[in-house]
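Structure first, commentary second.
All of the numbers you see were taken from the coordinates with simple rules; none came from a lab. Worth saying up front: this structure is predicted, and the values here are computed from it rather than measured. With ideal geometry, Cβ positions are generated from the backbone for all residues, glycine too; neighbour counts draw on all protein chains shown.
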Amino acid sequence: MTPNSRDNASTRVPNRPGRPQGAGLSHTGHVRTNNEDAILTDPSGVLWAVADGMGGYGHGDVAADLVIEQLALIPHTPVSGAHLVAALQSANSAIRRWAASANVAQMGATVVAALIDGGATTIAWVGDSRAYRLRGGELLQLTRDHSVVQELLDDGHLSPAAVRQHPQSHVVTRAIGAADRLDVDSVEVALEPGDFLLLCSDGLTDCLAEPEIITHLSAPSPDAACRRLVAAALDQGAPDNVSVVVVRIDGDAAP
């Protein structure tokens, strides 16, 4: 696995028949001075992730790295969604230990991770990093943000059009490292040959609407999709770090 890619670097997993093909790209953006995102790409095609360090807390880059490091330790045989959740729980403990040793009051990260097993994937997430599946030109959001604006949306107190302008649009209600107890959400999703799986930090979704994501995700390869998605976010100003992982499900990956 490639446990950490940042500083405007891309990672492309070599083409191996019978395995999901993927790529990742992380960019600092136009406003931030450093990149506090980290990504995980896997040559075996099993495990993929995007972690977004919380810069407002401090040491966001360290928090994101610790999350990715714990995920990279997951054994591939046997492997299950329970391993994914356990790794995120370990990351929560690792961040809190690091913060205590460094006398840092608060630090944390959001994350979205995918574990692909044949014709299904387990998605686990904390915070507002997201996962999408593109199939036949239709984009399905697989995750639900742990955020203040998502709760306002769910309660009917906020319209989707008003989300980006809300003063608490970037306030998350869960983060790895924020508390001793961590609640991880997970979902199992069926995959078919030709599907594209997108994992991304909020730096992408803050810049691009779903029709734009569909356009750029429908590229000939995961590597091209990553580059087009990040380039489109940069064209929109990219005020935050932008990180994407794109995985294509090939024919031999069907159930």
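Put simply, when 43-55, 21-33, 117-129, 213-225 are sorted by average Cβ atoms within 10 angstrom per residue, most first, you get 43-55, 117-129, 21-33, 213-225. Across segment 184-240, C-alpha contacts under 8 Å between residues 6 or more apart give a mean separation that, scaled by the residue count, equals a relative contact order of 38 percent.
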